[in-house]
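Scroll down for the structure; my scribbles are underneath it.
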Amino acid sequence: MSPKCFNITFGQNKSSMTLTKNMISSFGEQLRSLREQKQLSLREVATEIGIDTSLLGKIERNERQPTREQIKLVAIFFKFDEQKLINEHLSDHFAYKIIEADADVDIFKVAEQKVEYLKQNKIR
């Protein structure tokens, strides 16, 4: 099966950075690409968003997942749409869970139905 190709655009306006990928990549890989596009070091970005340099490196290498607060800080720093970054992070999380459970991607159809059910019944 050939890899899917798509464009990923982060940001709210034309002055925001655009990341175009030929292949699907993880949140960490996208973060690294964006940092490198701005020609910033790990230390510079980590200092600006207030996290440890080694933690940022681990996030970029997909060894650690960012917290919601860290995603928010990245969004503010790079002037990105926070919800788009959260969506990217969640898609990684779902992918890891499916691989871990050796499940089929058809699980998303079931999950979509459950989300609608839970929303309608205001179940959390």
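The values are calculated or read from the model by the stated rules, or taken from the named source; none is laboratory data. What you are looking at is a predicted structure, and each value in this text was computed from that prediction instead of being measured. Using ideal geometry, Cβ is built from the backbone for each residue, glycine included, and neighbour counts are taken over all protein chains shown.
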request  = Determine whether region 96-112 contains at least one residue that is surrounded by 11 or more Cβ atoms within 10 Å (Cβ to Cβ), on the phi > 0 side of the Ramachandran plot and not hydroxyl-bearing (Ser, Thr, Tyr).
outcome  = no
task = Quick one: in region 40-69, of everything that is surrounded by 14 or more Cβ atoms within 10 Å (Cβ to Cβ) and under 11 Å from the mean Cα position of the chain (by Cα), which residue is nearest to GLN30 (Cα to Cα)?
result = GLU60
request  = Could you look through region 81-92, keep only residues that are over 8 Å from the mean Cα position of the chain (by Cα) and surrounded by 12 or more Cβ atoms within 10 Å (Cβ to Cβ), and pick out the one that is nearest to ILE59 (Cα to Cα)?
outcome  = GLU82
key: Lone unmet requirement of (1) modelled with pLDDT under 90; (2) under 17 Å from the mean Cα position of the chain (by Cα) for VAL105   = (2)
message = Just to be sure I understand the filter: pairs with C-beta atoms under 6 Å, separated by 6 or more residues or on different chains, first member in region 46-62 and of a type outside the set (D, E, K, R), second member not in a helix (DSSP H, G or I). Which pairs pass?
response = ILE59/PRO66; ASN62/SER26
ask   = Quick check: is even one residue across region 59-70 farther than 30 Å from ALA111 by Cα, in a helix (DSSP H, G or I), at pLDDT 90 or above and not acidic (Asp, Glu)?
value = no
inquiry  = When you scan region 83-100, do you find a residue that is of a type in the set (Lys, Arg) and under 19 Å from ARG32 (Cβ atoms), even just one?
reply    = yes
message = With the requirement that a residue be loosely packed, with under 15 Cβ neighbours inside 10 Å and either more than 15 Å from ARG35 (Cα to Cα) or of a type in the set (Lys, Arg) (or both), what does region 70-80 give you?
response = LYS79
